[in-house]
Amino acid sequence: MRKKSETKWETMEQIFWCLCDSCTTNTRFVLFLLPGMALNFYKNLSSDFIKLLENGDEHNVIIEVGESTMMQPFKVHSTVLCYRCPYLYDEFKKSTISNDDNIRIIQKPQISDKFFDIIVKYIYGEKVETSVIFDLLKTANEFQLEELMTRLQIFLIENQSSWLKLNFSKIYNSSFQTNNLKALQNYCNDIIAKHPNLIFESNDFNTLPEAALISIIQRDDLQLEESKVWDYVIQWGISQNKTLPSDVDDWIDKDFQILKNTLQQFLPHIRYFQIFSENIMKKVFPYRQILDKKLWANILKYSMAPNKAITSKILPPRKIIATQLPNHGFQFTSSIVNIEQVTKVASWIDRKDITYEINNNPYEFNLILRGRAETDLILNKSSSKAIYNSSSSPACFSNDLFMSRSQAFCVYRIERYEKLIRESTGSFSIDDYEVFQISERKNI
């Protein structure tokens, strides 16, 4: 009787993955599945609601969106708006415009018909595609769709972290244009605390919202020397006032007062007593006039005699963490999982409770298969039953998981693995899938 391959089915940040050891070739593989990367809200909501929207039956509201010369009408129902979108329902109650059939008309020229089409379909219970999620957040914020905003943020953070990092500056700036994107703000601030150059050295730094910059410099774990924090705050403040002379030696009292007013919310969060004496004179001294006179006197006193008592509050030093130079030996490419998730898989392979450090990952992950829904699949044939293809199934992990000719993934029964990937058998949709061959790294 053939021994079952050792397998571990798990979910990780909404990604299904399967780790399997072939009993015939001593080869290890891992399969990552990205199931339905569209956000599907209210799955049990009847599709009749969407038909109701599409047909416009019994509608009593028309919402016109887009440019005034080419406004697109959407026929909707006030009862649905009442329970699904309070903002639009309030607009409906306030509307004084009606057509000949006594249908209320709401006009929103500032909203594109593309995004409103997504919004209104969400209101009626349809899914939201990932490709427009971030732009949709801003529209959802205007319509006060708090549930949608919360879910969109969580979805982006858990499933699109690579895209967020690639568009980091844009995401960060936009997230502080409103107070309703706290999850994204905190996610970005956690990254900036570890990698401050992402923002402080970006071309968009001077356009950073005040609240965003304050939220960063407040953090104890910001990995930046205090003299540099001071430099960046001064740079930001000057950039907000284009009339200030370029040379601080040419400034008059009025100029210093302008800068002081601009930075009044920042100055309490600078850790002046953690700045080295030479930088006090080199960097802080030229702008001393923006500081309270008592504070400036205490800064000078502390820099010359740090053991003497002062009356100003001393903020604690930032928790700077010593970092090691990165090991560039680990190469990894995936459109589904990131390097942190793969490192977690490596730890599970060795049954470790503590996740490996990224630079200490002992395994190579070599991509041998990648596909998307409704695309052909290319796979090197193998005699291993860990993963193989046949005339009836393009890709198989036995009857435990296989891909049919119609490109659907199916779970039939437990045959060679320890447990099912899903709670129930049957077919399910997958947007992306990848298979990696795992081997031990050399020269770590």
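The values are calculated or read from the model by the stated rules, or taken from the named source; none is laboratory data. Just so it is clear, the model here is predicted, and its values are computed rather than measured. Here Cβ is always computed from backbone atoms with ideal geometry, including for glycine, and neighbour counts include all displayed protein chains. SASA here: full protein model, heavy atoms, side chains in, ligands and nucleic acids out. Shrake-Rupley method; radii C 1.70, N 1.55, O 1.52, S 1.80 Å.
No other residue among I111, I106 is more than 27 Å from the chain's Cα centre (by Cα) and open to solvent by less than 50 Å² (accessible area, probe 1.4 Å) apart from I106.
When the residues of region 144-169 are filtered to those that are outside any helix (DSSP H, G or I) and either in contact (Cβ under 8 Å) with a residue 40 or more places away in the chain or among the basic types (K, R) (or both), the one that is surrounded by the fewest Cβ atoms within 10 Å (Cβ to Cβ) is Q144. For D221, the conditions (1) in contact (Cβ under 8 Å) with a residue 24 or more places away in the chain; (2) assigned to a helix (DSSP H, G or I) are fulfilled apart from (2). When region 300-329 is limited to residues that are among the basic types (K, R) and over 27 Å from the mean Cα position of the chain (by Cα), the one that is modelled with the lowest pLDDT turns out to be K308. Return yes when L88 is in contact with a Phe, Trp or Tyr (Cβ under 6 Å, 6 or more places away or on another chain), crowded, with 18+ Cβ neighbours inside 10 Å and in the same structural domain as K51 (by the TED database) and no when it is not. So L88 does not fit the description; no. Selection of region 61-70 for residues being open to solvent by less than 50 Å² (accessible area, probe 1.4 Å) and of a type outside the set (D, E) yields V61, I62, I63, V65, G66. The set of residues in region 262-313 being of a type in the set (K, R) and in a helix (DSSP H, G or I) consists of K282, K283, R288, K293, K294, K301. A single member of L259, L213 is touching a Gly at 6+ places or on another chain (Cβ under 9 Å) and either in a helix (DSSP H, G or I) or at pLDDT 95 or above (or both), and it is L259. In region 177-201, the qualifying residues are those that are open to solvent by less than 30 Å² (accessible area, probe 1.4 Å) and part of a loop (DSSP other than H, G, I, E, B), and the one that is modelled with the lowest pLDDT is T178.
For region 405-423, residues that are open to solvent by less than 70 Å² (accessible area, probe 1.4 Å), farther than 26 Å from Y363 by Cβ and modelled with pLDDT under 75 total 3.
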